[in-house]
Amino acid sequence: MLAYLIRRLFAAAVMLVVIVLVVFSIFFLVPKWAGVDIATSFVGKQADPHAVEAVREKLGLSDPIYAQVWHFFKGIFVGRTYAAGGDVTHCAAPCFGYSFRSEQAVWPVLTDRFPVTLGLALGAAVLWLVFGVAAGVLSALKRGSLWDRGAMVVALSGVSLPIYFTGLLASSIFVFGLHWMDGKYVSISDSFTGWLGGMILPWVTLAFLYAAMYARITRATMMEVLGEDYIRTARAKGLAEQVVIGKHAMRSTMTPILTMLGMDLGALIGGAILTETTFSIPGLGQAVLTAIKNQDLPIILGVTLITSLAVLVANLVVDILYAVIDPRVRLS
Amino acid sequence: MTTQRTSGRRKQALAAAAVVAGLLTTAACGGGNGSGSKNGAAGFDAANNKVAQADQVKKGGTLKFVSTQDADSWDTTRGYYGFMWDFSRYYSRQLLTYKTAPGATGAQLTPDLATDTGKVTDGGKTYTFTLRPGITWEDGKPITSQDVKYGIERSWAQDVLSGGPVYLQSMLDPNNTYKGPYKDTSQDHLGLKAVDTPDAKTIVFHLPKPNSDFLQVLAMVTASPVRQDKDTKSKYGLHPFSSGPYKFQSYSPGKGLVLVRNDKWNASSDPVRKAYPDEITLDISTNQTDSDQRLINGDYDIDLSQTGLGPQGRQIALKQNKDNLDNPVLGFIRYATFPTSVKPFDNIHCRKAVIYAADHVSIQTARGGPVAGGDIGTNMLPPSVAGGEGQKYDPYNIAGSGKNGDIAKAKDELKQCGQPNGFSTTIAVRNNKSQEVATAESMQASLKKVGINADIYQYDGSQIAGIIGSPSNVAKKKLGIVIMGWGPDFPTVQGYGIPLWDSKYILQSGNNNYALINDKTIDGLFDQYTTTLDESQKTQISTEINHKVMEGAYYLPFTFEKVLNWRSSRIGNVYTTNAYSGYYDFVNIGLKSSK
């Protein structure tokens with residue numbers, strides 16, 4: 001088990017390094033090939049050549065890419081100092097870069113916004129797991145019934161409708177039409193009930209999309225599992241139906257669900273861009289969208305790393321959970 | 001295949017947007033405020049170039065701004081967004097500022113920190129100002145002439161404080177001999193020779209040569225005082241030290257800010273600012289539909305960015321809350337320009353052929369129509385700038401009988417250009433501006449009618465300086481038509497047109513004179529303008545410059561931009577001002593109730 005964990009963590013570290021290299025390449029090589037100087041986008045309308053040169057020096061854009069990558073990694077462990085034109089900015093370890101657009105270190109931005117996105121992703125995940133899996137199981141057990149058909153039509157709608165549609169629709173009805181809720185994001189530290197009120201619609205909207213997918217997968221997997229020999233054996237032995245379904249069938253059904261959950265949760269933690277944009281939630285997705293608009297590479301790089309890390313960690317946790325859920329799986 | 005997928009998604013998005021717009025409208029019907037002035041709103045266009053409900057304003061309350069974008073920087077040296085300049089009057093003062101009055105009067109200068117508009121001597125090369133008594137920082141210490149000088153000096157530190165306008169350098173130290181206060185080796189870091197501070201109350205500017213708009217530049221936010229011991233250099237924009245009636249309580253980049261009263265500000269020392277609200281808040285939203293709906297819903301009072309309501313918001317507001325809307329002409333002109341380095345646009349007749357062939361009504365529709373897009377643009381000087389004539393000056397009959405395109409004249413110009421069967425060219429347009437892409441498509445369709453085949457090249461909108469701002473890149477990629485927009489930095493022909501039309505401003509990177517206009521007459525007129533102190537003569541020269549630019553057929557103006565801006569029923573003393581290109585003048589807006 002320990003060896004397995006070490007191997008996986010090592011692989012994750014290598015993967016993160018590769019991701020950093022790819023992101024750096026995209027942001028430095030691609031504009032270079034297109035003949036574009038990133039530094040010019042940091043100066044005003046009347047771009048002074050000296051100012052452009054100074055900005056290039058300040059941001060380290062004149063350094064070779066390998067040097068920039070090295071400074072980045074070094075900064076994570078020992079911090080980093082940016083000095084130019086008599087202005088010294090220290091970025092304490094772990095320094096994941098410094099945004100010269102918003103004049104703030106990337107790490108505090110990530111730690112400030114991560115819990116917001118985590119709250120969104122976890123809350124939605126609970127909803128979609130409960131409702132999606134339950135709907136899928138019921139559909140599988142009552143195959144061909146009105147319930148099954150109805151649930152699958154709703155699921156199909158959930159998969160088909162984009163978040164920016166369902167989100168706006170939900171807001172227009174419940175916030176601006178019926179005035180049932182305020183719909184504004186409030187930090188949990190300011191007000192727990194306010195936070196809850198602001199998160200209900202994003203959770204439901206996000207969960208609607210994912211629950212639909214999970215319901216369809218659960219239904220298909222459950223139907224396949226119910227046809228397995230060991231289920232027939234269990235029933236032949238006279239086990240109660242709820243034990244057959246709840247204990248034996250569900251275990252096998254949950255394996256692909258967990259795989260999906262690991263991927264989805266990881267990706268969502270990296271930034272539910274559409275949901276956060278639609279509901280103006282100040283999470284990682286909103287941060288990265290603004291950063292992309294502003295060509296703010298340090299923030300983009302930081303969020304990309306967090307996303308990758310979240311996906312890797314979520315998958316590792318899922319792999320470990322396999323062994324708990326399904327005794328046939330052994331970690332090696 | 002990729003195109004088909006994109007097209008399909010666009011259709012899906014458009015269909016979804018249309019359905020949502022309908023539903024939002026329905027929702028608003030239920031909770032709307034009703035039409036007319038029942039909700040206390042002043043009426044449609046009531047604050048457009050006139051003051052709305054000034055007598056209903058009371059002291060106190062919280063004025064709530066919302067915006068879909070944060071400022072580029074709240075540092076007075078670094079900010080370049082128009083709304084930032086407008087908003088910054090809450091926490092910063094200058095020697096001079098704009099009158100707090102609607103329309104053209106609002107573009108006139110009035111003393112702020114200074115006792116008067118300065119004593120001009122030495123043939124317009126020396127300006128002397130005396131500071132008012134009682135002017136203070138947020139900690140109660142007096143604002144001195146040294147603070148003003150230091151604030152101005154910061155503009156030279158472009159290596160640390162990049163982004164802001166650089167007019168002060170070009171007027172006071174055109175050769176950039178000063179390196180900024182952070183590299184200043186003098187003991188007090190006040191080594192800029194062009195500015196003297198003989199005592200704490202007097203400041204003297206020495207210009208190497210006269211510039212008749214120097215006072216305008218002193219009124220820009222870039223000329224705000226900054227106290228040396230409070231200068232946090234590149235991080236100053238996170239918490240500027242206030243010289244105005246409000247100070248920063250909190251600011252979180254990309255999220256929002258809160259300003260509270262600066263209790264050390266003396267109202268008696270400030271003839272400009274009324275400081276009505278107790279608190280001013282700004283929330284940054286990423287979703288325009290949501291923020292528009294919240295404005296209409298009454299959660300916010302005013303849109304900071306002043307770019308107007310989005311399509312859904314407009315639909316709802318025009319139907320349900322028209323009395324809360326103003327439809328001002330902004331100082332911005334949207335246009336296409338023709339780089340003369342790209343053949344056949346080196347020939348004036350080919351340029352004229354494009355101007356005549358374009359369907360100007362179609363372009364106006366692509367920009368959003370007469371209400372949300374603007375009036376058809378007929379020349380290149382905004383009506384809000386002194387000397388601008390609006391649609392009265394229409395040398396190519398753009399808004400008249402030729403508004404749907406004049407094919408016969410276009411073909412005639414093509415013959416004179418030596419391209420009777422037309423030619424091929426490329427239209428460069430930012431990919432993040434859907435309205436600009438739509439205008440490019442409109443041009444493409446109308447030019448085809450006279451045999452001009454135009455490809456559309458969509459580029460990354462954040463890379464203007466390196467793509468269309470690089471003349472060598474424009475020539476290499478043969479970008480014959482460039483679509484852009486421009487607004488004045490200050491409301492004069494110099495503040496608007498000099499970077500666009502003067503040959504001295506042709507740069508190798510970050511160029512804005514995309515047409516590469518190198519006309520000795522135009523350059524000469526700008527030189528004449530900068531040495532002319534008489535305002536009526538300046539206006540006359542401004543008009544003449546505009547005429548010369550239009551006669552050269554370097555531009556196809558699209559629209560004199562208009563927007564539909566929202567003002568809540570809670571606020572009063574609202575008016576648009578030419579000082580900030582037709583935006584609301586934020587500084588003296590008040591609430592009708594202090595609750």
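The values are calculated or read from the model by the stated rules, or taken from the named source; none is laboratory data. Here the structure is a predicted model, which means the values were calculated and not measured. Every residue, glycine as well, gets a Cβ built from its backbone with ideal geometry; the counts of neighbours run over all protein chains shown.
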> For the subset of segment A:62-72 comprising residues that are loosely packed, with under 13 Cβ neighbours inside 10 Å and either outside the structural domain of A:PRO31 (by TED's automatic domain parsing) or not hydroxyl-bearing (Ser, Thr, Tyr) (or both), which member is nearest to A:ASP37 (Cα to Cα)?
Replying inline: A:PRO64
>> So, in segment B:231-245, exactly how many residues are among the small types (Gly, Ala, Ser) and either in contact with a strand residue (DSSP E or B) (Cβ under 6 Å, 6 or more places away or on another chain) or surrounded by fewer than 21 Cβ atoms within 10 Å (Cβ to Cβ) (or both)?
In response: 1
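Could you check how many residues of segment B:218-230 are more than 17 Å from B:THR110 (Cβ to Cβ) and surrounded by 23 or more Cβ atoms within 10 Å (Cβ to Cβ)? If you could, list the steps in order and put the result at the bottom.
Filtering segment B:218-230 for residues more than 17 Å from B:THR110 (Cβ to Cβ) gives B:222, B:225-230.
Within this subset, residues satisfying the condition of being surrounded by 23 or more Cβ atoms within 10 Å (Cβ to Cβ) are B:222, B:225-226.
Qualifying residue count for the region: 3.
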> Within segment B:230-270, how many residues turn out to be within 14 Å of chain A (Cβ to nearest Cβ) and assigned to a helix (DSSP H, G or I)?
Replying inline: 6
> How many residues does segment A:56-82 hold that are assigned to a helix (DSSP H, G or I) and touching a residue at least 24 places away in the same chain (Cβ under 8 Å)?
Replying inline: 7
> Of all residues in segment A:83-105, how many are touching a residue at least 40 places away in the same chain (Cβ under 8 Å), of a type in the set (A, V, I, L, M, F, W, C) and either within 7 Å of chain B (Cβ to nearest Cβ) or in contact with a helix residue (DSSP H, G or I) (Cβ under 6 Å, 6 or more places away or on another chain) (or both)?
Replying inline: 1
>> Whether any residue in segment B:260-277 is crowded, with 22+ Cβ neighbours inside 10 Å, farther than 26 Å from B:TYR98 by Cβ, at pLDDT 95 or above and among the aromatic types (Phe, Trp, Tyr) is what I want to check.
In response: no
>> Restricting to segment B:274-333, name every residue that is part of a helix (DSSP H, G or I), touching a residue at least 40 places away in the same chain (Cβ under 8 Å) and either within 11 Å of chain A (Cβ to nearest Cβ) or in contact with an Asp or Glu (Cβ under 7 Å, 6 or more places away or on another chain) (or both).
In response: B:GLN288, B:THR289, B:SER291, B:ASP292, B:GLN293, B:ARG294, B:LEU295, B:ILE296, B:ASN297, B:GLN312, B:GLY313, B:ILE316
> Just to be sure, is B:ALA445 over 18 Å from the mean Cα position of the chain (by Cα), surrounded by fewer than 23 Cβ atoms within 10 Å (Cβ to Cβ) and more than 14 Å from every other protein chain (Cβ to nearest Cβ)?
Replying inline: yes
>> Going through B:GLU436, B:GLU413 one at a time, which residue ends up being farther than 15 Å from B:ILE355 by Cα and assigned by TED's automatic domain parsing to the domain that holds B:GLU551?
In response: B:GLU436
> Do you know which of the residues in segment B:517-539 that are at pLDDT below 95 and part of a loop (DSSP other than H, G, I, E, B) is nearest to the other protein chains (Cβ to nearest Cβ)?
Replying inline: B:THR532
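Of the residues A:VAL317, A:VAL288, which is within 30 Å of B:ASP292 (Cβ to Cβ), β-branched (Val, Ile, Thr) and touching a residue at least 12 places away in the same chain (Cβ under 8 Å)? Outline the logic, then answer.
On the way: A:VAL317 fails: within 30 Å of B:ASP292 (Cβ to Cβ).
When all the criteria are applied, what remains is A:VAL288.
Of the residues A:ALA170, A:ALA207, A:ALA212, only one is within 14 Å of chain B (Cβ to nearest Cβ) and either touching a Ser or Thr at 6+ places or on another chain (Cβ under 8 Å) or within 30 Å of A:PHE114 (Cβ to Cβ) (or both); which?
Answer to the selection: A:ALA170.
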> What number of residues within segment B:197-214 are buried (at least 17 other Cβ atoms within 10 Å of the Cβ) and outside any loop (DSSP other than H, G, I, E, B)?
Replying inline: 5
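Quick one: which helices (runs of 4 or more DSSP H) lie wholly within segment B:351-435 and hold at least 2 residues that are crowded, with 16+ Cβ neighbours inside 10 Å and polar (S, T, N, Q)? So that I can check it myself, show each step before the final result.
Numbers: elements: B:360-367, B:369-372, B:407-417.
Here the list reads B:360-367.
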> Could you count how many residues in segment B:292-324 are surrounded by fewer than 21 Cβ atoms within 10 Å (Cβ to Cβ) and at positive phi?
Replying inline: 1
> Identify, please: which residue in segment A:268-284 is in a helix (DSSP H, G or I) and at the interface with chain B (Cβ under 9 Å from one of its Cβ atoms) and is, among those, surrounded by the fewest Cβ atoms within 10 Å (Cβ to Cβ)?
Replying inline: A:THR277
> Picking from B:THR559, B:THR521, B:THR532, which residue would you name as being surrounded by 24 or more Cβ atoms within 10 Å (Cβ to Cβ) and touching a helix residue (DSSP H, G or I) at 6+ places or on another chain (Cβ under 6 Å)?
Replying inline: B:THR559
>> Could you check segment B:497-514 and list, in sequence order, the residues that are buried (at least 24 other Cβ atoms within 10 Å of the Cβ) and touching a strand residue (DSSP E or B) at 6+ places or on another chain (Cβ under 7 Å)?
In response: B:TYR514
> Considering B:ALA104, B:ALA71, B:ALA157, which residue is aliphatic (A, V, I, L, M), surrounded by fewer than 20 Cβ atoms within 10 Å (Cβ to Cβ) and at pLDDT below 95?
Replying inline: B:ALA104
>> Being within 14 Å of chain A (Cβ to nearest Cβ) and on the phi > 0 side of the Ramachandran plot is the requirement here; does B:GLY124 meet it?
In response: no
> Which of the residues that make up segment B:386-418 are hydroxyl-bearing (Ser, Thr, Tyr) and under 24 Å from the mean Cα position of the chain (by Cα)?
Replying inline: B:TYR393
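Considering only segment A:210-240, how many residues are among the acidic types (Asp, Glu) and touching a helix residue (DSSP H, G or I) at 6+ places or on another chain (Cβ under 8 Å)?
Within segment A:210-240, the subset among the acidic types (Asp, Glu) is A:224, A:228-229.
Right, trim to touching a helix residue (DSSP H, G or I) at 6+ places or on another chain (Cβ under 8 Å) and you get A:228.
Here the count works out to 1.
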> Does segment B:137-149 contain any residue that is at pLDDT 95 or above and within 14 Å of chain A (Cβ to nearest Cβ)?
Replying inline: no
>> Looking only at residues that are at pLDDT 70 or above and of a type in the set (A, V, I, L, M, F, W, C) in segment A:34-61, which one is surrounded by the fewest Cβ atoms within 10 Å (Cβ to Cβ)?
In response: A:LEU61
> Only one of these conditions is not met by B:GLN56: (1) in contact with a Gly (Cβ under 7 Å, 6 or more places away or on another chain); (2) within 14 Å of another protein chain (Cβ to nearest Cβ); (3) at pLDDT 50 or above; (4) over 30 Å from B:TRP137 (Cβ atoms). Which number is it?
Replying inline: (2)
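Name the single residue that is farthest from A:VAL52 (Cα to Cα) among those in segment B:448-462 being in a helix (DSSP H, G or I) and within 14 Å of chain A (Cβ to nearest Cβ). If you could, list the steps in order and put the result at the bottom.
Step one: filter segment B:448-462 for residues in a helix (DSSP H, G or I), giving B:448, B:461-462.
Retained after the next criterion (residues that are within 14 Å of chain A (Cβ to nearest Cβ)): B:461-462.
On the way: B:GLY461: 18, B:SER462: 15 Å.
Going through the qualifying residues, I end up with B:GLY461.
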> What's the number of the condition B:ASP585 fails, among (1) surrounded by 23 or more Cβ atoms within 10 Å (Cβ to Cβ); (2) more than 27 Å from B:ASP326 (Cα to Cα)?
Replying inline: (2)
